[in-house]
């Protein structure tokens, strides 16, 4: 992804290239074909810059269903909700401007803070990069731009050339002066192919060839049984692309309705499931649904959707009173509680007022005693 404004800024300051405080590859989620543990730094205990680190992890299984094991900068591999966002837009400032370098302001997004003309950072540069962390905060301290005095004429030190195709594709940390080192991170959030670090030699050439950015895509999500995807069918999806899921008639969505392709090549969440309705296993007794007593035959198809709670009525073993026992429909399965007895046809026809669902409810203390 190209950023003309950043290219112009870097080109006009070739002797003092843009210093980035944080690298996407070294301090954020760096997408590589290898396991993530090989590319993420160890958690720097005691040096987290006053931030709260999420729970550490090694794989997604350590994090539960709503979080993933992702690289969170100085916190290392941590359980992060990929969809969480950092504050945006930021309050206006008189000394600086801010703009996103990523499609969204979600986890791992990059933000450029640039000092306005006449101002500079303590480092002497006029811009820095911040990253959206797992704690919903932008990395690093709030950049402070102070009024800069006119620099005294100096003799520039020899430097190595940084071609435009490199400065337009990478955020670069360090200086291109002879004897110094620089580090690269892809502005697009893509994976770096080649060395992420380079050195300017005495003959003003680079020790290694400049790397390239490999564009990241997400593979098509798995098919959802009894459901379908609302999106253009593709073999691969670009970062930031949204996919919506719908279920067929009589099925309920269990999980996210929308997933987004992230800059690490993964979807923001696992695909949902489409869960089946449940037949109410009662015919001659009322049940409680949404706080209302109803006969099963008065409910459409005598069925309830996935996730619905159904309360059955059971008789106290020693007293002439009834109490409720709730069961939950799960993907077509709804079992009555062990205490429930279906009334006989004669009981239902001849003594409807004696059905357990119609008799007096037991007191709370009576239910707890057996």
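Mind listing just one residue for me: the one in the stretch 197-209 that is touching a strand residue (DSSP E or B) at 6+ places or on another chain (Cβ under 9 Å) and over 17 Å from residue 165 (Cβ atoms) and, of those, surrounded by the most Cβ atoms within 10 Å (Cβ to Cβ)?
Within the stretch 197-209, the first condition is being touching a strand residue (DSSP E or B) at 6+ places or on another chain (Cβ under 9 Å), and the residues that meet it are 197-200, 204, 206-209.
Right, trim to over 17 Å from residue 165 (Cβ atoms) and you get 197, 199-200, 204, 207.
Values: 197: 15, 199: 16, 200: 23, 204: 13, 207: 12.
Once the filter is applied, the top-ranked residue is 200.
For the stretch 194-233, give me each residue that is more than 16 Å from residue 258 (Cβ to Cβ) and outside any loop (DSSP other than H, G, I, E, B). Steps first, answer last, please.
Step one: of the stretch 194-233, the residues more than 16 Å from residue 258 (Cβ to Cβ) are 194-217, 219, 223, 225-226, 233.
Of everything in the stretch 194-233, those that are more than 16 Å from residue 258 (Cβ to Cβ) and outside any loop (DSSP other than H, G, I, E, B) turn out to be 197, 198, 199, 200, 206, 212, 213, 214, 217.
Looking at the stretch 276-334 only, could you name the residues that are in contact (Cβ under 8 Å) with a residue 24 or more places away in the chain, touching a helix residue (DSSP H, G or I) at 6+ places or on another chain (Cβ under 7 Å) and farther than 25 Å from residue 225 by Cα?
282, 283, 284, 287, 316, 319, 321, 323
Taking strands (runs of 3 or more DSSP E) that do not extend beyond the stretch 258-349, which have at least 3 residues that are closer than 30 Å to residue 222 by Cα? Don't jump to the end; show me each part of the working.
Working: elements: 258-260, 273-276, 287-289, 292-294, 309-315, 322-328.
Passing ranges, in order: 258-260, 273-276.
Would you check if there is a residue in the stretch 64-72 being more than 22 Å from residue 269 (Cα to Cα), exposed (fewer than 14 other Cβ atoms within 10 Å of the Cβ) and in contact (Cβ under 8 Å) with a residue 12 or more places away in the chain?
Filtering the stretch 64-72 for residues more than 22 Å from residue 269 (Cα to Cα) gives none.
Within the stretch 64-72, none of the residues are more than 22 Å from residue 269 (Cα to Cα), exposed (fewer than 14 other Cβ atoms within 10 Å of the Cβ) and in contact (Cβ under 8 Å) with a residue 12 or more places away in the chain.
Assess whether residue 59 counts as being loosely packed, with under 14 Cβ neighbours inside 10 Å, under 28 Å from residue 258 (Cα atoms), touching a strand residue (DSSP E or B) at 6+ places or on another chain (Cβ under 6 Å) and without any contact (Cβ under 8 Å) to a residue 24 or more places away in the chain.
yes
Filter the stretch 234-249 down to the residues that are without any contact (Cβ under 8 Å) to a residue 40 or more places away in the chain, part of a loop (DSSP other than H, G, I, E, B) and buried (at least 16 other Cβ atoms within 10 Å of the Cβ) and list them by number. Talk me through it step by step, then tell me what you get.
Here is the first cut: in the stretch 234-249, the ones without any contact (Cβ under 8 Å) to a residue 40 or more places away in the chain are 234-238, 241-249.
Then drop every residue that is not part of a loop (DSSP other than H, G, I, E, B), which leaves 234-236, 241, 248-249.
Within the stretch 234-249, 241 is the sole residue that qualifies.
Restricting the stretch 256-292 to residues that are on the phi > 0 side of the Ramachandran plot and surrounded by fewer than 16 Cβ atoms within 10 Å (Cβ to Cβ), which is nearest to the chain's Cα centre (by Cα)? Before you say what the answer is, go through the steps one by one.
Taking the stretch 256-292 as the starting set, the residues that turn out to be on the phi > 0 side of the Ramachandran plot are 265, 290-291.
Still in the list and also surrounded by fewer than 16 Cβ atoms within 10 Å (Cβ to Cβ): 290-291.
Details: 290: 33, 291: 36 Å.
Filtering the stretch 256-292 for residues that are on the phi > 0 side of the Ramachandran plot and surrounded by fewer than 16 Cβ atoms within 10 Å (Cβ to Cβ), the one nearest to the chain's Cα centre (by Cα) comes out as 290.
Let me spell it out: the conditions are (1) touching a helix residue (DSSP H, G or I) at 6+ places or on another chain (Cβ under 7 Å); (2) farther than 25 Å from residue 103 by Cβ, and residue 163 meets all of them except one. Which number is the exception?
(1)
Looking only at the stretch 184-196, which residues are surrounded by 16 or more Cβ atoms within 10 Å (Cβ to Cβ) and out of contact with any helix residue (DSSP H, G or I) (no Cβ under 7 Å at 6 or more places or on another chain)? Step through it out loud before you land on a result.
Filtering the stretch 184-196 for residues surrounded by 16 or more Cβ atoms within 10 Å (Cβ to Cβ) gives 184-192, 196.
Listed by number, the residues that qualify are 184, 187, 188, 190, 191.
Just so you know, all these numbers are worked out from the coordinates, no wet-lab data involved. Owing to the predicted nature of the structure, the values given are computational and were not obtained by experimental measurement. Neighbour counts run over all protein chains shown; Cβ positions are idealised from the backbone, glycine included.
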